[in-house]
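See structure below.
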Amino acid sequence: MDYAMNLCFVSGTFVHSLKYSDTERCTYQPMPQWRGTTAALKAANVLTHEEIQREQWDSVRVVLDGDWVGTYEKRDFKQGRLEEPKDRGDLHYIIKFPEETPDSGTWEGRKTANKEFQGRFKNLTYEKFKNDETAYFLPGVVGHSTSPRNPILEVNFVTTDFSRRMILAFYEPLPDKPKRRLTEFHICSYRDDRIPDKVPIDESITPINRIKEIPSLEPTSSMALTLRGGEKKYYEPTDEDAHFNNMFGADRTLLPMRDSMFACVPEVIGESSESELFFGMSTSSGAQVFGLRLDSEGIPCDCFTSIYGNHNGNTGKK
């Protein structure tokens, strides 16, 4: 959010234009066997690009409104691993979406990881939101990519306990080559300060065994979005994508992070073929994984996600 505050890249639960109260938002859960059966997937054949943009904006208004406080850390990536934090600090910004202005909202940055944005106040509008072709929104997760030449990949996980976890992956161009090399991560944790019993930020690193068991679990819901051709369309992911069978490929590095987060990404993108990057969160009671497919120029073309309920190996593949 510090890097894309004017585009409002924080989202989560796909609400199909329903207006949830705070209580309903907190208790919303995906329906069992969601993949292939719900209106979310029927939308792939029914909704136009404009209708999808409007529904996603309505979703943003529901989950983004809040008094977000938290912490961040910045870590360099060197020799296949994350270095110790080179910077840490507090985060605080306030986002408001009044009911009387359905096409606009406001963003106020009181404490930001990028000090350039600290103290700023911005207007958020549906017009600007719908014209961005580099954002990707799915239930519980939202992201954004900057310029393909010097990309910053942003992924946010928003859960029903008013928690938000954000990963920013930075790539820089290699000299005289079209490839980009992974250089650093910013790892941010937020909680809505309006909620009296907030979930504590877990400073411990996510256990690797908990991450590696994810492909053996059965998702309670899965969904995908294509960005190809400048149009957004929902579709049902393949079983391979829904179960993230390729997440731990030899061309990717697994990087456990704090507050239940992790990334599994290639050190270099922009090869002659497409690249796949994976980001996730895995708590003791559930998990979510997000996959992002980039074309040979580093532009997002497909994304897909799966949500897992009962975790720790208790819900295996069927």
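Points to keep in mind about this one:
- Segment 68-102: number of residues that are more than 24 Å from THR253 (Cβ to Cβ) and surrounded by fewer than 18 Cβ atoms within 10 Å (Cβ to Cβ): 10
- TYR126 vs. criteria over 20 Å from SER296 (Cα atoms) and of a type outside the set (A, V, I, L, M, F, W, C): yes
Yes/no per residue for (1) surrounded by 22 or more Cβ atoms within 10 Å (Cβ to Cβ); (2) within 14 Å of the chain's Cα centre (by Cα); (3) closer than 17 Å to ILE152 by Cα; (4) of a type in the set (Ser, Thr, Tyr):
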site: HIS243; (1), (2), (3), (4): no, no, no, no
site: THR253; (1), (2), (3), (4): no, no, no, yes
site: GLY286; (1), (2), (3), (4): no, no, no, no
site: CYS303; (1), (2), (3), (4): yes, yes, yes, no
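- So ILE201, is it modelled with pLDDT of 85 or more and outside any loop (DSSP other than H, G, I, E, B): no
- Pick from segment 127-143, criterion surrounded by fewer than 19 Cβ atoms within 10 Å (Cβ to Cβ) and in contact with a helix residue (DSSP H, G or I) (Cβ under 7 Å, 6 or more places away or on another chain), ranking: farthest from LYS96 (Cα to Cα): GLU133
- Some residue of segment 214-225 being assigned to a helix (DSSP H, G or I) and in contact (Cβ under 8 Å) with a residue 40 or more places away in the chain: yes
The values are calculated or read from the model by the stated rules, or taken from the named source; none is laboratory data. Small disclaimer: the values here were computed from a predicted structure and weren't measured. Methodologically, a virtual Cβ is constructed for each residue, glycine included, from the backbone with ideal geometry; neighbour enumeration extends over all protein chains shown.
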